[in-house]
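J.: First the structure, which I've put down as structure tokens, then a few questions once you've had a look.
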Amino acid sequence: MSDVPSPAPSGSPTAPGDRLPPRDGSGSAAGDRTAADGRPRVRRRTLLLGGAAVAGLGAAGAAWAAREELERLWWRMPGVALPRREGEVDHPGAHWVAASESNFRRADRPRDYLVDRVVIHVVQGGYDSALRAFRDPEHRAATHYVVREDGRIAQTVRELDVAFHAGNRAYNERSVGIEHAGWVDRPESFTMAMYRASAGLTAAICARYGMEPDRAHVIGHIEVPGADHTDPGPHWDWDRYLRMVRAAGRGR
């Protein structure tokens, strides 16, 4: 494949963009967030936009600023963004390889978006190809992590932020995306070292956000509503993988 893989129906490296999600039967966006007691959760960002943040833009600015632009600008308000250190990673042992800022959106997760999914991707190419693609501002897509055949893990987007990986805005906002080097039609791509490293990563993510390590919360890219990708494909061993995720979780 080329150095910069392009999205194709047969697999990843992620779906481009941060598109609006489909609507569910209730008329709200798929993935709208609720608190643990089931009541609607008022997001910190919503409060900011509804009050001081909008006022800070001035009457003229508020009159023309579209809601979408406000959604993207909220974190620029003084004191809003969480402190960040260059090169910091969320998973011990991961290697930081920063994605282009065109391939993700700054956020403050889980304070503004609850995280309740891990999305499993397959690159349709190599580890280095995926990292090159995610550094390319024209690619318009990235996952939070990339796992190599030998178990090496790169983090390209902080879990705080919304990576453009699922092709569905609500699922981008609610999930952590993990890319795996290899091809959906080559079962030899999925080595034991890759499964083991990825399972440890997924177990840590599930623990961090209070998710059960099951198929309701750990899904394939193909299962994202509106997805036009088939990864991780028929050769991804879900039974083995989830056993390893649960075992890694018990060992924490």
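The values are calculated or read from the model by the stated rules, or taken from the named source; none is laboratory data. Note that the coordinates shown come from a computational prediction; the quantities given were computed from them, not determined experimentally. Neighbour counts are summed over all protein chains in view; Cβ atoms, including those assigned to glycine, are modelled from backbone coordinates with ideal geometry. Accessible surface is based on the protein model in full, side chains and every heavy atom, while ligands, DNA and RNA are left aside. Shrake-Rupley method; radii C 1.70, N 1.55, O 1.52, S 1.80 Å.
J.: Out of curiosity, is Ala193 of a type in the set (Gly, Ala, Ser), in a helix (DSSP H, G or I) and in contact with an Asp or Glu (Cβ under 7 Å, 6 or more places away or on another chain)? Reasoning before the result, please.
T.: Numbers: of a type in the set (Gly, Ala, Ser): yes; in a helix (DSSP H, G or I): yes; in contact with an Asp or Glu (Cβ under 7 Å, 6 or more places away or on another chain): yes.
The answer is yes for Ala193.
J.: Among the residues that make up region 182-190, is at least one of them among the polar types (S, T, N, Q) and farther than 14 Å from Arg117 by Cα?
T.: Within region 182-190, the first condition is being among the polar types (S, T, N, Q), and the residues that meet it are 189.
Among the residues that remain, those that are also farther than 14 Å from Arg117 by Cα are: 189.
Yes, some residue in region 182-190 is among the polar types (S, T, N, Q) and farther than 14 Å from Arg117 by Cα.
J.: Kindly establish whether Ser198 is of a type in the set (Ser, Thr, Tyr) and either under 13 Å from the mean Cα position of the chain (by Cα) or farther than 21 Å from Arg109 by Cβ (or both).
T.: Criteria not met by Ser198.
J.: Just the residues that are at pLDDT below 95, under 15 Å from the mean Cα position of the chain (by Cα) and open to solvent by 50 Å² or more (accessible area, probe 1.4 Å), please, taken from region 73-125.
T.: Passing the criteria: Arg106, Pro110.
J.: What about Glu138, is it in a loop (DSSP other than H, G, I, E, B) and out of contact with any Pro (no Cβ under 7 Å at 6 or more places or on another chain)? Break it down into steps so the answer makes sense when it comes.
T.: Values: in a loop (DSSP other than H, G, I, E, B): yes; out of contact with any Pro (no Cβ under 7 Å at 6 or more places or on another chain): yes.
So Glu138 passes the test.
J.: While we're on this one: Only one of (1) buried (at least 23 other Cβ atoms within 10 Å of the Cβ); (2) at pLDDT below 95 fails for Val157. Which number is that?
T.: Tallying (1) buried (at least 23 other Cβ atoms within 10 Å of the Cβ); (2) at pLDDT below 95, Val157 fails exactly one: (2).
J.: Since Ile178 meets every condition but one in (1) open to solvent by less than 10 Å² (accessible area, probe 1.4 Å); (2) part of a helix (DSSP H, G or I); (3) of a type in the set (A, V, I, L, M), which condition does it not meet?
T.: Ile178 satisfies all of (1) open to solvent by less than 10 Å² (accessible area, probe 1.4 Å); (2) part of a helix (DSSP H, G or I); (3) of a type in the set (A, V, I, L, M) except (2).
J.: If the Cβ limit is 7 Å and pairs must be 6+ apart or interchain, which residue in region 191-216 that is more than 11 Å from Leu242 (Cβ to Cβ) pairs with which residue that is of a type in the set (Phe, Trp, Tyr)?
T.: Taking only residues 6 or more apart or on different chains, the pairs are Leu201/Tyr145.
J.: Would you be able to tell me the number of residues in region 192-215 that are open to solvent by 10 Å² or more (accessible area, probe 1.4 Å), among the hydroxyl-bearing types (Ser, Thr, Tyr) and under 23 Å from Ala133 (Cα atoms)?
T.: Going residue by residue through region 192-215, those that are open to solvent by 10 Å² or more (accessible area, probe 1.4 Å) are 192-193, 196-197, 200, 207-215.
Still in the list and also among the hydroxyl-bearing types (Ser, Thr, Tyr): 209.
Filter once more, so that each one left must be under 23 Å from Ala133 (Cα atoms): none.
Residues that pass the stated criteria total 0.
J.: Within the group Gly251, Gly226, which residue is of a type outside the set (D, E, K, R), at pLDDT below 95 and on the phi < 0 side of the Ramachandran plot?
T.: Values: Gly226 fails: on the phi < 0 side of the Ramachandran plot.
It is Gly251.
J.: When region 217-252 is examined, which residues are found to be of a type in the set (A, V, I, L, M) and within 23 Å of Asp112 (Cβ to Cβ)?
T.: Our first condition is that a residue be of a type in the set (A, V, I, L, M); within region 217-252, this holds for 218-219, 222, 224, 227, 242, 244-245, 247-248.
Listed by number, the residues that qualify are Val218, Ile219, Val224.
J.: What are the residue pairs meeting all of these: first residue in region 224-252, first residue over 24 Å from Arg174 (Cα atoms) and open to solvent by 50 Å² or more (accessible area, probe 1.4 Å), second residue part of a loop (DSSP other than H, G, I, E, B) and among the charged types (D, E, K, R), Cβ atoms under 8 Å, and 6 or more apart or on different chains?
T.: Close Cβ pairs satisfying both conditions: His235/Asp185; His235/Arg186.
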